[in-house]
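What follows is a set of notes on a single structure, which appears directly below.
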Amino acid sequence: MAEPEENLPVDPVKTGAQAPEPAAAPGLQDFALSELDKKALQILGDKVVVKKLAQQTVFDKIPRYVSEYLLAKYVKIESHVEDLARMQSRIKQLLPSQDEGQVLRNKLMSTGEVVVIDNVEARVDLKNQQRLARVPALGEDKVRVPAELLNQNVGLLLGGLWGTVKVRYTPETDAARPIEMTAFTPFQVGPPDLAAHKAMRPKFTTDEWMSLMCSSVGYQPEAYPTRRAKLLLFARLTTLVESNINMLELGPRQTGKTFLLRNLSPRVFVISGGKTSPANLFVNLATKSVGILGTRKVVVFDEIAHTEFGDENSTISTLKDYMESGNFSRGSLQFTSDASIVLGGNLDVIDGQPDGDYEHLFKPLPDELEDAALHDRIHAFLPGWEMPKITPQSIASGVGFVTDYLGELLVKLRDDDHKDQMRSLKYQAGMTKRDQTAIERVGSGLIKLIYPDGVMTPEELNEVADLACEMRQRIHNQLVKMTPGEFKPRLIAREGLEWHTAVDLAPKA
């Protein structure tokens, strides 16, 4: 299958066109690269990018994992001004605005062919024996797709891909579905090399690696100035690197609860308030198509307080079963998924801690979710009130992994398993199976992010375990407040510890 001829970028020297005036791109002297930035560029090469280059307004309409893929592929530091100018010109030409849909459709009918940059998602209609795609720029969800093209771009069937897409208007072939996709060039890297990634880790100290990872996910390391702040940031990412983690994060607004995962990987799906149902979450019985829990790696319920669950009893019951087992069923259909679940919402904070007027900290959740059995299935309660608010100064400007590469790498790390390292530690007596599962999954995820080669000191392993225990302890403490007749106080921690150091969990004087 041929690639779209209008693929990025166009070289004005070869075409004879006049190069556009350089955009207001930063000069090399303005990058202010740190010693760690220079070290990362030297060791990691084309796996990293200068994040400041992505702070161009032309990239505002596309996810960060797309813009950084384009930067890594087409922009070199030594010629970044000219390269950026060419790329910006091409993006403006091929990325239509939302109000240009009818103009684009008219051009397609008039010329018979158009090329656009878009987020394309495909599906297979077995009943009618057709392969169809959704191309948002055209407002069409029944664009015909050749089997060969789907075989070459399987990601189109796994939640969709951004890329350059060429479509033709061929009503003579199928009057009911007159548009056909004839070429697609994805904006994505090839399969990540896990062995190479792990081999790079010993070349950096733990502090250097944590700072590099901060930059890689889009934030200045200085925005998370303490080791604990960085650990909590990475705890958000455990849902992407570890299968079937159920996480709750409540905190103030503008702390990036959703931004981080949404911009890191197309395998993440965000439900922003509104209404959800068993059909879109699990299985559509009418079409037999699997819902988002079966097609994504992380499902984020953003603004959870405003989320409505259609067919409430069925949805909540199925969700509880899934959070426990990783399985869900509707009718006679049964499925297994490794998608993690994130419940995110806002919480009133006074002096850096949750408002004391809350009866318990599950109160910000919708009434439908006020269910102790569901809460006990949550592995980690991340203290969002400790996360700093995101400001323009928080956005990374130094060197970090290319977001698209990192996103695929983190998903691939799901194949690794560090639970045995968590089991090697001794814990307090009286912990439940759910406590142990929570600690093992969250701890394993943190190890993959910070110590992907699995090499760490005993103190570093303890640090990971203590954070995993703390976040499960926070769940249990709220269950004690919510249902004291069923849940009794107990310490979820390593053997020998008497309490947790987090302010909200420390013993009251």
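The values are calculated or read from the model by the stated rules, or taken from the named source; none is laboratory data. None of these values were measured; they are calculated from a predicted model. Counting neighbours? That spans all protein chains shown, and the Cβs are built from the backbone with ideal geometry, glycine included.
Can Gly400 be described as buried (at least 24 other Cβ atoms within 10 Å of the Cβ), farther than 24 Å from Val342 by Cα and not acidic (Asp, Glu)? Against the criterion (buried (at least 24 other Cβ atoms within 10 Å of the Cβ), farther than 24 Å from Val342 by Cα and not acidic (Asp, Glu)), Gly400 qualifies.
Look at (1) closer than 24 Å to Pro388 by Cα; (2) modelled with pLDDT of 95 or more; (3) aromatic (Phe, Trp, Tyr) and you find that Phe259 fails only one, number (2). Those helices (runs of 4 or more DSSP H) of segment 199-315 in which 1 or more residues are within 24 Å of Glu440 (Cα to Cα) occupy 206-216, 227-241, 259-262, 292-295.
Out of the residues in segment 442-457 that are of a type in the set (A, V, I, L, M, F, W, C) and in a helix (DSSP H, G or I), which is surrounded by the fewest Cβ atoms within 10 Å (Cβ to Cβ)? Applying the filter and picking the extreme gives Ile450. I'm checking my understanding of the structure. Among residues of segment 213-241 that are polar (S, T, N, Q) and either modelled with pLDDT under 95 or within 19 Å of the chain's Cα centre (by Cα) (or both), which one is nearest to Lys47 (Cα to Cα)? For segment 213-241, the residue satisfying everything is Ser216. Annotation note: of Glu460, Glu408, Glu368, the sole residue that is at pLDDT 95 or above and either among the hydroxyl-bearing types (Ser, Thr, Tyr) or in a helix (DSSP H, G or I) (or both) is Glu460.
The single residue among Glu486, Glu498 that is assigned by the TED database to the domain that holds Phe234 and modelled with pLDDT under 95 turns out to be Glu498. Which condition breaks for Gly159 when tested against (1) in a strand (DSSP E or B); (2) closer than 30 Å to Asp60 by Cβ; (3) of a type outside the set (A, V, I, L, M); (4) touching a helix residue (DSSP H, G or I) at 6+ places or on another chain (Cβ under 7 Å)? Single failed check for Gly159: (1). Working carefully through the options Val103, Val66, find the one that is loosely packed, with under 14 Cβ neighbours inside 10 Å and within 26 Å of Ala183 (Cβ to Cβ). The unique qualifying residue is Val103.
Give just the number: which of (1) of a type outside the set (Ser, Thr, Tyr); (2) modelled with pLDDT under 95; (3) crowded, with 23+ Cβ neighbours inside 10 Å does Arg253 not satisfy? Of the numbered conditions (1) of a type outside the set (Ser, Thr, Tyr); (2) modelled with pLDDT under 95; (3) crowded, with 23+ Cβ neighbours inside 10 Å, the odd one out for Arg253 is (3). Please find, within segment 86-138, the residue that is farthest from Val58 (Cα to Cα) out of those that are charged (D, E, K, R) and assigned to a strand (DSSP E or B). Step by step, filter segment 86-138, then rank; the result is Asp125.
Consider Val503 carefully, then state whether it is in a helix (DSSP H, G or I) and either surrounded by fewer than 18 Cβ atoms within 10 Å (Cβ to Cβ) or assigned by the TED database to the domain that holds Lys203 (or both). Criteria not met by Val503.
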